[in-house]
Structures are given as C-alpha cells and as structure tokens.
Amino acid sequence: MATTVMLIRGDGIGPEVIDAAVRAIEATGAVIEWEPMDAGAGAIPKHGAPLPEVTVASIRKNSLCLKGPLATPIGGGYRSVNVALRQEFDLYANLRPARSFPGLVTRYEKVDLVVVRENTQGEYSGIEHFIDPTKNAAESISIITRFGSDRIIRFAFEHARAHGRKKVTLVHKANILKMTSGLFLQVGREIAQSYPDIEFTDIIVDNCAMQLVRDPTRFDVVVTTNLFGDILSDLTAGLVGGLGLAPGANIGEQAAVFEAVHGTAPDIAGKGTANPVAAMIAGSMLLDRVGQKERGVRLEASVRRAIAKGKDLTPDLGGSGTTERFTDRVIEELNAT
Ligand code: NAD
C-alpha cells in the first residue's frame, strides 16, 4: 500500500529541487502517493496566509511531509512558517547530517557527523517585543525546560545507538547563560549516565565552532539548543561542500517533515541551476522513516556516485550542469543498481 506524503514545493528554488527529488525518489520504485499542498509566500495570493489551515490539517492527517524552502521576510512581516510548523506539530528534533562526498574537493575528507538540534525552544520560542514605545529597545525570551532538554538529549543518544555512533557532544554556553544553557548541560550530564556505551562530552559553543573548523572528524553526534544548532549545522554543511548538499529532518512524536537545510536561494531561483542533492538526501531520510530503508540507501548511494563521477554538477559544486541534467545522472545511477 502506498504511503501518503504531503508535498510542499515551497518558494524560490523550492519547486526546482523538490521536483528533482520527487523524480529521484520515484526512480527508486518507492511506493508513495504525494499530496501537494501550499505554504510560504506562494500560498498568500491563493489562501491569504503563508500557512493555510488546509495545509496544517493535511499534515495532521498524513503526518509526513517533504518540503521545499519557504521565504520568511526579514525583520518584519509574517512569522517564519518553518518555525510555526515545528511548534504546531512539536517537531522537537532537527537532524542535520554532514558526511563528506567522495570526489568533492573540500578541506576535510572524512567528515561524518550529525547535528541534533532542539527545534522548538530557546531563542526561537517566539517571545519577543519592544520594551519602549519608541521601539529603541527590544527583548527576546529564551525558554529552556527540563522536559524539552531531556527529550532532545535522549533522542541524540538513541540516534547514536541506533546508527552505531560512538560519541555525543553537547554544545552549550553555560558559562554565560548559566540558567538556560546551564539547565541543558545539567540534564545532559544526568542522561549520559544511562548511556555508558556512548562517550559523552560537552563543549562551549564558540570553542565548538573553532574545533569544527580545525578538525570536524573528532565529532560524531552533536546535540545542542535551537539557535546554536541552526548556526553550527550551516557550518557543518559548509565543511562537506555547502548548503546545496545538506539535508534535514524535523521529527516529533506525531509528524515528521523532511527538507533541505538551505533556503529559497533568491539569487539563483528560476535559473534551473539549483543543486537538488540536499532535497534528494532528505528524500532518502524520508524513505528510511516510512520503512523503505533499502530504497533510501540506494538513493543516497546513487547521489554520491553521481557526484563522484563529476558529470553535470551544478555551479555551486564548480560544474556547469543544471538541476535537471544532474537529476538525470542520479537516475542513471539508480537504474544501474
Ligand atoms: P539560502 O540558503 O537561501 O541561500 C544562501 C546561499 O546558498 C545563496 O548564495 C544560495 O544561492 C546558496 N544556495 C542555497 N541553496 C542552494 C542550492 N540548493 N543550490 C545551490 N546554491 C544554493 O539562505 P538565505 O539567502 O539566507 O535565505 C533566503 C530565504 O530562505 C529567506 O527568506 C529565508 O528566511 C529562507 N530560508 C528558509 C529555510 C527553510 O524553509 N527551511 C531555511 C533557510 C532560509
């Protein structure tokens, strides 16, 4: 029986990379029934809102979604739909793997880590306001709870166990943010006691950024709060070749949303040159989630082989290919296995 998955093509390069990912996913023989839905800037003319109620209802019903990037106005306008989705469906775990791609020249060759980012709390709790009528002072409230810390840190340890990973590094700023980041660290130290088979260590976020750039191979699973995870996962994406290659999964008890880490890339939207790899590997994570793991593994392996062969790579990887031509190469690899 086909699994129903909601499809949000998104804004900017979203439709280009999502259409490519759907082609590649279908070429694995995956049995998926897509249910297209609108969200983001593109939804406003039709529905009058960037996150229409019908879209929310569909995610609630289907619990699975493959999503393109959505535009968020900077400094004003409507609230981020991504953040709203994460909070509406309590998608508390954001998994962002970063693995080196053979054939791509990057500073390091053997990076294989995953950032597990808390996705609903911290500085992204959405509690922000100006504190004077002239709007010259503002404050933002960062919420960290024992419950929220406990479940994301456990998620990280469980992920490590399930994927044969050996070490969890908790990233914090407890020297300065003694209560919020301090609580996160304290909960981490407590939970680590229940996982004697996994090495546990903690590191202050600024030092972590420096250590990641100096030697990312010493990291395995990195668990951290929302804002630090957002920033560090872009950094780790850069270490393995850039945003066009970085997939992400937003996972909760009731729903899961798979997407690329990158945004709408307005500078290249509509040119047909967006790199579809991140969206494709997000698709491979989706297949894993829906019990079609073998197809997901084949898809990621085919993407990796296509990159290693270096034909029709998109411009962000130094090639002169297009989204469509590179997708053809991936499908050739899939058909060859
Ligand atoms: P961005 O990720 O869109 O772009 C950053 C740089 O990376 C650009 O130079 C872009 O061309 C390049 N890039 C990104 N994805 C690429 C791909 N697949 N192939 C080739 N090059 C790629 O970040 P931004 O410019 O800061 O954000 C643009 C918009 O996207 C904003 O509205 C932001 O809010 C939104 N955004 C959405 C999401 C999401 O929906 N998950 C994530 C991040 C940003």
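Take the conditions farther than 20 Å from residue 103 by Cβ, at pLDDT below 95 and not small (Gly, Ala, Ser) and apply them to residue 295. Does it pass?
Criteria not met by residue 295.
Going through 26, 33 one at a time, which residue ends up being closer than 30 Å to residue 318 by Cα, out of contact with any Leu (no Cβ under 9 Å at 6 or more places or on another chain) and open to solvent by 20 Å² or more (accessible area, probe 1.4 Å)?
Criteria check complete, one pass: 26.
For residues that are outside any loop (DSSP other than H, G, I, E, B) and crowded, with 19+ Cβ neighbours inside 10 Å, scanning just the stretch 66-86, find the one that is farthest from the ligand (Cβ to nearest atom). Please lay out each step first, then the result.
Quick first cut of the stretch 66-86, residues outside any loop (DSSP other than H, G, I, E, B) only: 66-67, 81-86.
Okay, now just the ones that are also crowded, with 19+ Cβ neighbours inside 10 Å, so 66-67, 81-82, 85-86.
Working: 66: 12, 67: 7, 81: 7, 82: 5, 85: 9, 86: 10 Å.
Restricting to residues being outside any loop (DSSP other than H, G, I, E, B) and crowded, with 19+ Cβ neighbours inside 10 Å, the top hit is 66.
Determine which single condition residue 1 fails, assuming it passes every other condition in (1) surrounded by fewer than 20 Cβ atoms within 10 Å (Cβ to Cβ); (2) modelled with pLDDT of 90 or more; (3) in a loop (DSSP other than H, G, I, E, B).
(2)
For the subset of the stretch 254-269 comprising residues that are more than 17 Å from the chain's Cα centre (by Cα) and in contact (Cβ under 8 Å) with a residue 12 or more places away in the chain, which member is farthest from the ligand (Cβ to nearest atom)?
Across the stretch 254-269, the extreme among qualifying residues is 254.
Tell me which residues, restricted to the stretch 282-303, are within 13 Å of residue 64 (Cα to Cα) and part of a helix (DSSP H, G or I).
If the condition is that a residue be within 13 Å of residue 64 (Cα to Cα) and part of a helix (DSSP H, G or I), then 282, 283, 285, 286, 287, 288, 289 are the ones that fit.
Taking the stretch 119-136 on its own, how many of its residues are touching a strand residue (DSSP E or B) at 6+ places or on another chain (Cβ under 7 Å) and either on the phi < 0 side of the Ramachandran plot or among the β-branched types (Val, Ile, Thr) (or both)?
9
It is to be established whether one or more residues within the stretch 47-58 are within 14 Å of the ligand (Cβ to nearest atom), open to solvent by 20 Å² or more (accessible area, probe 1.4 Å) and at pLDDT 90 or above.
Checked the stretch 47-58: at least one residue is within 14 Å of the ligand (Cβ to nearest atom), open to solvent by 20 Å² or more (accessible area, probe 1.4 Å) and at pLDDT 90 or above.
Looking at (1) at pLDDT below 95; (2) away from the ligand (no atom under 16 Å from the Cβ); (3) aliphatic (A, V, I, L, M), which is the one condition that is false for residue 44?
(2) is the only condition that residue 44 fails.
Hey, can you tell me all the residues within the stretch 93-120 that are assigned to a loop (DSSP other than H, G, I, E, B), within 16 Å of the ligand (Cβ to nearest atom) and of a type outside the set (Val, Ile, Thr)?
If the condition is that a residue be assigned to a loop (DSSP other than H, G, I, E, B), within 16 Å of the ligand (Cβ to nearest atom) and of a type outside the set (Val, Ile, Thr), then 101, 104, 119 are the ones that fit.
Quick one: in the stretch 87-98, of everything that is more than 13 Å from the chain's Cα centre (by Cα) and modelled with pLDDT of 90 or more, which residue is least open to solvent (accessible area, probe 1.4 Å)?
My answer is 89.
With respect to residue 265, determine if the residue is more than 18 Å from residue 319 (Cβ to Cβ) and either buried (at least 19 other Cβ atoms within 10 Å of the Cβ) or among the aliphatic types (A, V, I, L, M) (or both).
So residue 265 does not fit the description; no.
Checking the condition over 30 Å from residue 8 (Cα atoms), outside any helix (DSSP H, G or I) and free of Cβ contacts under 8 Å to residues at least 60 places away in the same chain, which residue from 191, 203 passes?
203
Here are some conditions: (1) in contact with a strand residue (DSSP E or B) (Cβ under 6 Å, 6 or more places away or on another chain); (2) buried (at least 16 other Cβ atoms within 10 Å of the Cβ). Residue 101 meets all but one. Which one does it not meet?
Only one criterion is unmet by residue 101, namely (1).
Looking at this structure, is residue 215 farther than 24 Å from residue 288 by Cα, charged (D, E, K, R) and more than 14 Å from the ligand (Cβ to nearest atom)?
Answer is yes for this residue.
The values are calculated or read from the model by the stated rules, or taken from the named source; none is laboratory data. Because the structure is a prediction, the values reported are computed rather than measured. Using ideal geometry, Cβ is built from the backbone for each residue, glycine included, and neighbour counts are taken over all protein chains shown. Side chains included, ligands, DNA and RNA excluded: accessible areas come from the protein's heavy atoms. Shrake-Rupley method; radii C 1.70, N 1.55, O 1.52, S 1.80 Å.
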